[in-house]
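Handing you a structure now.
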Amino acid sequence: MPRTSDPPTARIAALERDADSLRRAFLTTPVFALDDHGLQVRFEDFGRTALALFRETARLADGEQAAQRIEAAYHRVHEALQAVATLALSGIAAAVPTHGNGTAEPPPQDVRHSVIRRGTQFS
């Protein structure tokens, strides 16, 4: 995580790198092993850092641009979390393979692959 003695722009750049690293970890780590890799703690640290940077940059003259960079970094991680949650929930749905009317559900998709492919749009 960025050090608080660094200027805001350097800390925002470090937050962006952390976001990309965390995003990649969420998208490539098996769902059952997320806790084993300490991703919850990393995500909590990331969130605290992002919030502190939001508060700090709100007072700066170029705070709007800084806030947009912080928000984009946060959204990259959030998108990965949504993909993981969708995958996990589709696994639960697969345990009950039919609808109430008896029609079969299609097999669950690993939505993380589509998120990885779209990942460059935020870079």
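The values are calculated or read from the model by the stated rules, or taken from the named source; none is laboratory data. Keep in mind that this is a model prediction, so the values were computed, not measured. What goes into the accessible areas is simple: the full protein's heavy atoms, side chains included, and nothing from ligands, DNA or RNA. Shrake-Rupley method; radii C 1.70, N 1.55, O 1.52, S 1.80 Å.
Quantify, in whole percent, the carbon and sulfur part of the accessible surface of the range 1-71 (1.4 Å probe; protein heavy atoms only).
Numbers: 2270 of 4380 Å².
Taking all protein chains in place, the range 1-71 shows 52 percent carbon and sulfur surface.
Okay, moving on. Rounded to the nearest whole Å², what accessible area per residue is found for the range 1-90 with the 1.4 Å probe?
Working: 5200 Å² over 90 residues.
On a per-residue basis, 58 Å².
Could you go through the range 42-53 in sequence order and give the Karplus-derived ³J(HN,Hα) for each residue, using 6.51 cos²θ - 1.76 cosθ + 1.60 with θ = phi - 60°, rounded to whole Hz, and x for Gly and Pro?
My calculation for the range 42-53 gives 4, 5, 5, 4, 4, x, 5, 5, 4, 5, 4, 5 Hz in order.
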